[in-house]
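The values are calculated or read from the model by the stated rules, or taken from the named source; none is laboratory data. Keep in mind that this is a model prediction, so the values were computed, not measured. Here Cβ is always computed from backbone atoms with ideal geometry, including for glycine, and neighbour counts include all displayed protein chains.
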Amino acid sequence: MEEKVDLKNTFKLFKRTWKYAGSYRKYLFLYGFFSLLMAAISVGVPILSAQLMINMTSGILDKLLLVAGSIFGLEILRNVSNYFASLAINKFRIETLNDIQVSLASETLNLTVKELDNNSSGVFIDRLSKDASYLADLFNMLTWYMGQVLTNIGVLGAIFIVNKYMFLFSIIVLILLYWIERARIRNGYKYDKQIRKLNENNSGLIAELVRGMRDIKVLNSAHDFMTKIIGRIKEANDKKYEMQIKRNGYNFWYSSVRDLSDLLFIVLGVYLIYLGKLSIENLVVIYMYQPRTYSMLYSITSFIEELKKFSLSSSRVFEIIDGAFEKEKFGSKHLNKVNGNFEFKHVTFGYDENMPVLNNLNFKINANETVAFVGKSGGGKTTIFSLIDKLYTVDKGEITIDGVNINELDKDSIRDNISIITQSPYIFNFTIKENLKITKSDATDEEIEEVCKIAKLHDFVMTLPDGYDTLVGEGGLNLSGGQRQRLAIARALLKKTEIILFDEATSALDNETQKDIQTAINNMKGEYTILIIAHRLSTVINSDRIIFIDNGHVLAEGNHKWLIENCSEYKNLYETELI
Ligand code: ADP
C-alpha cells in the first residue's frame with residue numbers, strides 16, 4: 001500500500017514544506033533560471049558536437065573552428081550558470097533548513113515528558129537532523145530534476161525531428177528500462193522505511209554511548225555495551241546489505257537491457273541507412289543524444305524515488321509538529337505573582353495509569369514555609385515535585401497553587417514561578433555565565449555575582465582561570481555534584497521564583513560542600529517557599545515542617561520533635577542515620 005507514491009498526500013506535504021521556504025523562494029527561482037539555461041545548453045551542444053565530428057571526418061576545417069568556438073562559448077556559459085545556480089541553491093537550502101530546524105526544535109520542547117520517557121532520544125535526534133535536512137533538500141532536488149526532465153524532453157523532441165523510427169525505438173527502450181527501475185524503487189522504499197526505524201534506535205543508543213561514556217568506563221561495561229550496540233548496528237547493516245543485493249540484481253538487468261539496446265540501436269541505424277531512411281550525419285547526432293535518453297529515465301525514476309523519501313521524511317517531521325506525539329497542555333489563567341500556597345487534594349497519579357505511584361495524597365504548604373519531604377526511596381517524593389511543575393498531569397484529584405487548579409494555569413504562571421533543583425541538574429556546555437543567563441538573558445554581571453554569593457558559588461568561580469567565562473564541559477562534567485547544584489541554586493535565585501523545589505543530592509557530598517549548600521538554602525529561608533526532598537534527615541531537622549511520605553501517601557507530618565515522639569517509622573529512619 002505504501003509502496004506507491006500517494007500523490008495527493010505528497011502534494012499536501014510539499015505545500016506545507018513550501019511554507020518554510022518563505023522569503024528565500026527568490027533564490028530557488030534564480031536556481032531554476034540557471035538550471036533551465038543549462039538544460040538548453042545540454043540540448044544544443046550534442047548537435048554542435050555531431051557537426052564537429054562530421055566536419056572533422058570530411059575535412060571542412062574553417063567551419064570546424066567556428067563550431068569548436070561555439071561549443072567552447074556554450075560550455076563556459078554552462079559553467080558560469082552552474083556557479084550561480086550553486087550559490088543560489090546553497091543559500092536557499094541553508095536558510096530553509098535553519099527555519100525548519102528551529103521550528104522543529106521548539107515543537108520538540110513542547111512535547112510531554114511522558115513522550116521523552118517512552119521514546120528513544122534517537123527518534124527526535126534523527127528527525128531534527130537527517131529528516132529536516134531532507135526536507136530542505138527537496139526543492140533543489142525538485143528543481144534539478146525538472147531541469148533534467150526538460151533537457152531530456154528537448155533531446156527526445158530533437159530525435160523525433162531527426163528520425164521518427166529512432167524516436168520510436170528510444171521510447172520502447174525507455175519503457176522497458178522504466179519497468180525495471182520501478183521495481184527497484186518499490187523494493188527500495190520498503191527497505192528504506194525499515195532501515196530508518198533501525199537507524200533511529202541506533203542514533204539513540206549512540207547518543208547514550210557518548211553521554212554515558214564515563215559510567216560505561218567506571219562500570220567497566222564497555223564489552224557488554226558494545227555487544228548490545230554491535231547487535232543493533234549489525235541488524236541495520238544487514239538490512240542495508242539485503243537491500244544492496246536486491247539492488248544489484250536490478251542493476252544487472254538494467255545494464256543488460258541497456259547494452260542490448262546499444263547494439264540494437266546500431267543495427268537499426270545501419271538498417272535505416274540501408275533503406276535510405278536515415279543519413280550518416282543524423283545517425284551521429286542521435287548517437288550523441290543516446291546517453292541523454294538514458295539519463296532521462298534515470299531522472300524520472302530518481303525523482304519518484306526522491307519523492308517517496310521526501311514523503312517519508314516529511315511525514316516523520318510533521319508528526320512532531322502535528323501531535324502524533326503528545327504535547328503539553330496548559331490552561332489560560334495567568335498569575336503574575338505567585339505567593340506559594342500549595343495544596344494536593346486527593347491526588348492519584350501513576351506513570352502507568354494502572355500502577356499508581358501516588359495514592360489519594362493530601363497535604364498543604366503555606367507561602368514562605370520550608371517543608372521537607374522524607375521517606376523511603378521510591379515512595380513518590382520526586383514525583384510530587386514533577387507534578388507541582390506540571391511535568392506530568394494528575395490522574396485524579398487536584399493540585400492548587402494559590403487556590404487555583406494547576407490545570408487552569410498557563411505555562412508561565414507555573415514554570416516562571418517555580419524552580420526545581422534536581423539531584424543532578426543539567427548544566428549546558430556553555431560558560432558559567434551563559435548557564436546562569438538561561439533563566440534571565442538580560443541579567444547583569446552584578447546580579448549574577450550577587451546570586452552566586454548567596455548560592456555559595458562565587459568563591460569557587462573566582463578560582464577558575466576565566467572566572468564566570470569558564471566553559472564547564474558538556475553536562476557540566478567539569479563541575480562536581482555540589483558545584484552543579486549550587487549553580488542550579490544560583491539559576492533559581494536569578495529567576496527570582498517564589499517557589500524553590502530542592503531535591504537534595506543522594507550522593508554524599510563532602511562536609512564543606514554540604515555546609516555550603518545548607519548555607520545557601522538557609523540564606524533563602526523565609527523569603528521563598530522551599531520544598532526539600534531530604535535524603536539525610538540531619539539536613540532538614542530545622543525545617544518548619546517535615547512530611548513523611550510512604551508508598552505514595554502522607555504517613556505523618558509535623559516538626560522534627562513531634563515526629564520523633566509520634567511516628568515510629570520516622571524515629572527509626574532518624575536512628576539508622578545516627579549509626
Ligand atoms: P522518590 O523520590 O521517593 O525516591 P520517585 O517519585 O522518584 O520516588 O519514584 C516513585 C516511583 O515511581 C518509583 O517506583 C519509580 O520507579 C517510579 N518512577 C519514577 N519516575 C518514573 C518514570 N519517569 N517512569 C516510570 N516510573 C517512574
Query raised in the report: Which condition number in (1) at pLDDT 85 or above; (2) under 46 Å from the mean Cα position of the chain (by Cα); (3) of a type outside the set (Lys, Arg) is the one that Leu7 fails?
Result: (1)
Requested in this report: Go through the range 392-401 and give me each residue that's part of a loop (DSSP other than H, G, I, E, B), over 18 Å from Ile549 (Cα atoms) and more than 9 Å from the ligand (Cβ to nearest atom).
Outcome: Thr393, Asp395
Requested in this report: From Thr293, Thr301, grab the single residue that is surrounded by fewer than 19 Cβ atoms within 10 Å (Cβ to Cβ), polar (S, T, N, Q), at pLDDT below 85 and part of a helix (DSSP H, G or I).
Outcome: Thr301
Query raised in the report: For the range 20-32, does any single residue satisfy the condition of being closer than 30 Å to Val284 by Cα and free of Cβ contacts under 8 Å to residues at least 40 places away in the same chain?
Result: no
Query raised in the report: Restricted to the range 530-579, and to residues that are hydroxyl-bearing (Ser, Thr, Tyr) and within 16 Å of the ligand (Cβ to nearest atom), which residue is surrounded by the fewest Cβ atoms within 10 Å (Cβ to Cβ)?
Result: Thr539
**Report entry** Any hit, the range 519-529, residues being modelled with pLDDT of 75 or more, in the same structural domain as Asp402 (by TED's automatic domain parsing), surrounded by 15 or more Cβ atoms within 10 Å (Cβ to Cβ) and within 16 Å of the ligand (Cβ to nearest atom)
**Finding:** no
**Report entry** Boolean, Asp99 is surrounded by fewer than 16 Cβ atoms within 10 Å (Cβ to Cβ) and in a helix (DSSP H, G or I)
**Finding:** no
Query raised in the report: Under the condition of being among the β-branched types (Val, Ile, Thr) and buried (at least 18 other Cβ atoms within 10 Å of the Cβ), which residue from the range 383-403 is nearest to Ser332 (Cα to Cα)?
Result: Ile401
